[in-house]
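Below is one structure; the comments refer to it alone.
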Amino acid sequence: MLALRSTVGAVARRTRTIAARTPSTLSRTIPKAATSLALTSSREYSAPSTDNLSTRSTVVQLLSNIGSKREVQQYLSHFTSVSSQQFAVIKVGGAIITEHLESLTSALAFLNHVGLFPVVVHGAGPQLNKLLEDAGVEPQFEEGIRVTDGKTLAVARKLFLEENLKLVEKLEEMGIRARPISSGVFGAEYLDKEKYDLVGRINKVNKEPIEAAINAGCLPILTSMAETPEGQVLNVNADVAAGELARALQPLKIVYLSEKGGLFNADTNEKISAINLDEEYDYLMSQWWCRYGTRLKIKEIKDLLDGLPRTTSVAIIHPADLQKELFTDSGAGTLIRRGNKLQTASDVSQFSDLAKLKEVLVRDREGLDAKATVDRYVDGLGSHEFKAYFDEAMDALAIVHPPSSSSSLSNLATFTITKSGWLTNIADNVFAAIKKDHSKLVWTVKEDDENLTWFFDKAEGSLSKDGEVMFWYGIENGDEVKELMTEFTQHGRSMLGDANLEARLHRAAREASNGLSASLHRQNAPMRQQARAFSSSARPTSKTARRSARVASSSRGYATTTNPNPPFGSKNSSNSQPARVALIGARGYTGQALISLLNSHPNMDLRHVSSRELAGQKLKGYEKRDITYENLSAEDVRRMSEKNEIDCWVMALPNGVCKPFVDAVEEGKGSNNSVIVDLSADYRFDSKWTYGLPELVTRSDIAKATRISNPGCYATAAQLGIAPLVPFLSGQPTVFGVSGYSGAGTKPSPKNDVENLKNNIIPYSLTDHIHEREISNQLGVEVAFIPHVAMWFQGIHHTISIPLKDAMSSRDIRQIYQERYAGEKLVKVTGEAPSVKTISGKHGVEIGGFGVHSSGKRVVVCATIDNLLKGAATQCLQNMNLSLGFAEYEGIPLD
């Protein structure tokens, strides 16, 4: 009797259909062998009472509402298979305690009711900032680390104890025994006493207080304070403390509780479901959107997981979703694990060890004549086209045969995964790689295979007959589906022919045994894997189904498994080839600053510099090759463009001059050929060009662009200084801007005459300056701008008066700016008003001041920028990097 599954329907519907038909296959990745529910493990505290067991049963039932009972039981069995302290380290940020204490303690209570004892370590950063500000102390940070003097440490110690007790007391109110541990766990030395003062580097973790708490049946709740051998208390970042604690305990899970609930792809604004570091790390690090906080977090987690067992994984999750993340296959946050890198082979000679290949193909296939059948199969691979996918240890191996002359479908000939392979989630990696290479695929599986649900989630359609299930994806033509079903109905899995190893093994076993017993029949099931215990690092089903869908659509929420670098010029991708650059207008200060940056850039190859005044002279300051200034005409540019000699043209010309050169580039090869970045104002109001201010413009737009207008120097600082408050405006902001005389260019004028500027400041273009129009156009609000020039060489200072529709405090406004620019490497938000002296020669923007009028309805914000760097050359290089496929900050010194 045939049972046809519809190709339309969500993963959840497929799962329910399977559950109704084959109850034994509810678990997506967990074998039947591990079905018993282990509520307790080898622990030294007393056995749970009948009431506790009843409570646990109730909690298990409640957990079953967010996942299948089988899922919950399997995860509990796995989590309780290790000693109590090795279940999980959970890092709790201060904001979580303040804003989400109820959901946090409820989640911890759930875990404890089922016999789990997470080790909790918390911080209190936001609370500490507020206390210090209320006391008139400005929080100081160096490279993201809080500078901690004696006064700050005293406030922090008191605060940490209060927050620790707040969490402990809330748990106790819920009937959960918890023990506050504020000292005795972390030993430390000074990180850098001269620079950070009383900040520690953890060099020792004492597990005894944690073990004692758990043995007494208490949840250990730790602060992140550490002590030196002499007893000096030192401040330690809670993330760092959680990492060192994990290195010492080697838990199955490391959980970072986050208000955002995970990491996000800034290109698609989608939450990243899972990251397999071994396979995807390099790719992720090359993506323009993987930046700032996301980039740092992934790097820190990789460093952490590299020193831990492969069974350890990291979850970033909102506390309200903690149960779903831990006890369901689909999860709710971002799961990060090491995974495994995949290799491929398309010829038998590419396997370094044929004996090992045969051994892998035979494993778990104890049927009669299996070894001989595999020998014949491997020998026959020499005359068949195929592609094999496997990891270095061959814990996972799949062999796919491409479409034949009589079929448009690829054939998954065999797929074998060991226990270790499942624990490290290689199965999903392999299938994602297969799906990337093969748009249409068919395969067969025995109906009693314990992993049947996993295969259902990978397929778009299926048909069952006589204990066998055929799966497929990628078939859209109804006639093709009908033909496939007819073939399977008539011939079963033998329809795939001798190229299919599973069919051959099954046939050989049947013939040799003259009819297999049920036991032997199961042993020779297709796609057979070893019975596998579940790990936190194996996460198929919903997450992986979403992943496969993204691979198919080429919209990556996270990296796919096999992704060679695309050809040069492919947008939004990693680029491994140097970009050939031509600079038109190299005489000015901006041109010289850009040349210096290109000289230190590992992937920019400056080929031509053009300057009418310097033509024939040797270029100084560029060491990669000898270059002589040229006086390139528009016709020269057209000819170079026609020959495809340049990948990126930088126009560093005065306003109104560059159009003939832009036209020449487009005439030479068309508008979608090489990238043009224009530093003048000529195209800043042209909708066909992309405005290149990465901190305010969607970076994916810049990454896809070939025509980029670089913002003005005044305009960049003014926009960054106003943008966070645009939703709160009640009127027109006014910008009083003062620039050093380099902003007036190299052509002599009163505005760059040092003698004229001595003891002087010169206002100019008091209304309708081009930057006034630019700022207003980009922000979508009318802005008044009044420029001045002063006697220093480089650097701009803006004093910006901003009217507010509602009364706000200085602290509230600064928080808005800090949140808006969190993670932006070239924007620094400070409490004090920034100075030109400190920004000169730096590559970013500093914003501060935040002086609020007594009415609360007007704030004065100050912003500084180096007009030659972030105001021109540095920003140009950001845009070049994004559009040419390099990391955004490649070649930019980060201060």
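For residue 343, only one of the following conditions fails: (1) surrounded by 24 or more Cβ atoms within 10 Å (Cβ to Cβ); (2) out of contact with any Leu (no Cβ under 9 Å at 6 or more places or on another chain). What is its number?
(1)
Is it fair to say residue 176 is of a type in the set (A, V, I, L, M, F, W, C) and surrounded by 19 or more Cβ atoms within 10 Å (Cβ to Cβ)?
yes
State the number of residues belonging to segment 715-739 that are surrounded by 23 or more Cβ atoms within 10 Å (Cβ to Cβ) and more than 33 Å from the chain's Cα centre (by Cα).
Qualifying residue count, segment 715-739: 4.
Among the candidates 701, 682, 678, which residue alone is without any contact (Cβ under 8 Å) to a residue 24 or more places away in the chain and acidic (Asp, Glu)?
On inspection, the qualifying residue turns out to be 701.
Name the residues in segment 621-646 that are closer than 12 Å to residue 583 by Cα and of a type in the set (Phe, Trp, Tyr), would you?
Correct list: 629 only.
Take the residues in segment 796-829 that are among the β-branched types (Val, Ile, Thr) and open to solvent by 20 Å² or more (accessible area, probe 1.4 Å); name whichever of them is modelled with the highest pLDDT.
So the first thing to find is which residues in segment 796-829 are among the β-branched types (Val, Ile, Thr), and the list is 796, 799-800, 802, 813, 816, 827, 829.
Cutting the leftovers down to open to solvent by 20 Å² or more (accessible area, probe 1.4 Å) gives us 799, 816, 829.
On the way: 799: 97, 816: 91, 829: 92.
Once the filter is applied, the top-ranked residue is 799.
Of everything in segment 191-242 that's over 29 Å from residue 296 (Cα atoms) and among the acidic types (Asp, Glu), which residue is most open to solvent (accessible area, probe 1.4 Å)?
If we take residues in segment 191-242 being over 29 Å from residue 296 (Cα atoms) and among the acidic types (Asp, Glu), then 230 is most open to solvent (accessible area, probe 1.4 Å).
Is it the case that segment 267-274 has a residue that's free of Cβ contacts under 8 Å to residues at least 60 places away in the same chain and among the polar types (S, T, N, Q)? Write out each step before concluding.
Step one: list which residues in segment 267-274 are free of Cβ contacts under 8 Å to residues at least 60 places away in the same chain, which gives 269.
Within this subset, residues satisfying the condition of being among the polar types (S, T, N, Q) are 269.
Yes: segment 267-274 contains one or more residues that are free of Cβ contacts under 8 Å to residues at least 60 places away in the same chain and among the polar types (S, T, N, Q).
Can you name the condition, by its number, that residue 712 falls short on among (1) surrounded by fewer than 22 Cβ atoms within 10 Å (Cβ to Cβ); (2) in contact (Cβ under 8 Å) with a residue 12 or more places away in the chain?
Condition (1) is where residue 712 drops out.
Identify the residue in segment 649-668 that is surrounded by fewer than 18 Cβ atoms within 10 Å (Cβ to Cβ), of a type outside the set (Asp, Glu) and in contact with a Ser or Thr (Cβ under 9 Å, 6 or more places away or on another chain) and, among all such residues, is nearest to residue 635 (Cα to Cα).
Top of the filtered list is 660.
Table: residues versus (1) outside any helix (DSSP H, G or I); (2) open to solvent by 30 Å² or more (accessible area, probe 1.4 Å).
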position: 281; (1), (2): no, yes
position: 289; (1), (2): yes, no
position: 304; (1), (2): no, no
position: 324; (1), (2): no, yes
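Is it the case that segment 122-130 has a residue that's in contact with a strand residue (DSSP E or B) (Cβ under 7 Å, 6 or more places away or on another chain) and open to solvent by less than 70 Å² (accessible area, probe 1.4 Å)? It would help to see each step written out before you state the result.
Looking only at segment 122-130, we keep the residues that are in contact with a strand residue (DSSP E or B) (Cβ under 7 Å, 6 or more places away or on another chain), and these are 122.
Now restrict to residues that are open to solvent by less than 70 Å² (accessible area, probe 1.4 Å): 122.
Yes, the conditions are met somewhere in segment 122-130.
Given the residues 846, 832, 755, which is the only one that is modelled with pLDDT under 90 and within 18 Å of residue 720 (Cβ to Cβ)?
832
Checking residue 154 against (1) out of contact with any helix residue (DSSP H, G or I) (no Cβ under 9 Å at 6 or more places or on another chain); (2) more than 22 Å from residue 236 (Cα to Cα): exactly one of these is not met. Which one?
Every listed condition holds for residue 154 apart from (2).
When the residues of segment 561-586 are narrowed to those that are in a loop (DSSP other than H, G, I, E, B) and surrounded by 21 or more Cβ atoms within 10 Å (Cβ to Cβ), which ends up modelled with the lowest pLDDT? Lay out the reasoning, then the answer.
So in segment 561-586, the residues in a loop (DSSP other than H, G, I, E, B) come out as 561-578, 585-586.
Subset that is surrounded by 21 or more Cβ atoms within 10 Å (Cβ to Cβ): 561, 575, 585-586.
Details: 561: 26, 575: 51, 585: 85, 586: 73.
Filtering segment 561-586 for residues that are in a loop (DSSP other than H, G, I, E, B) and surrounded by 21 or more Cβ atoms within 10 Å (Cβ to Cβ), the one modelled with the lowest pLDDT comes out as 561.
The values are calculated or read from the model by the stated rules, or taken from the named source; none is laboratory data. No experiment lies behind these values; they were computed from the predicted model shown. No Cβ is skipped: glycine too gets one built from the backbone with ideal geometry, and neighbour counts run over all protein chains shown. For the accessible areas, the whole protein counts, side chains as well, though only heavy atoms, and no ligand, DNA or RNA atoms are used. Shrake-Rupley method; radii C 1.70, N 1.55, O 1.52, S 1.80 Å.
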